[in-house]
Amino acid sequence: MRRPPRNDRSMMGNGKNRTPALSAGVIVVRKHADGCRYLLLRAFRYWDFPKGLVEAGEDPRASAVREVAEETTLTDLNFRWGKDYRETEPYARGKVARYYVAESSEGEVALPVSRELGQPEHHEFRWLDYKAARKLLAPRVQTILDWAHGLVMKSTSRARSDLRT
């Protein structure tokens, strides 16, 4: 379900009038000989895609690209599935996470030290196929992966069909 863009997502107001904070991230896909892999990052016991808070005045997609670079060192992202995105339902005191889908065909993942934390934000990364990735993700993020996987599989089957004709 695509939500309309919101101008101000800071945690302002009291109670029900609170506007959720917006995080933006990317479901990073890489093609392998035996299929597509999705990049997951682990912080403590929680697995997710690269993402982080959108800064004031920052475009959410630009924020997502920045977060991928900061958290993984990957910089060459191809948004071949367009600018569409999906958002999670509010979680963790009303935060909402928006995810885009992009391909990373090359580059090594590294988990650099965060200037703010003095250590890496994540403890581990893995390139996983759809089923393995889905098993590690929380239900609110599984639906996002399902959407992304549908996009990836549709374009993959279309490409195969084009090769046959």
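How long is the gain from Asp84 to Met153 if the chain were fully straight, where each residue apart is worth 0.36 nm and the alpha carbon distance is subtracted?
Numbers: separation 69, 0.36 × 69 = 24.84 nm, distance 1.58 nm.
Extra length available between Asp84 and Met153 comes to 23.3 nm.
Out of every Cα pair in the range 15-164, what percent are spaced more than 20 Å from each other?
Values: 5362 of 11175 pairs.
Everything past 20 Å amounts to 48 percent.
Readers should treat all values here as calculations from the given coordinates under stated rules, not as data from a laboratory. These numbers were taken from a predicted model, which means no experiment stands behind them.
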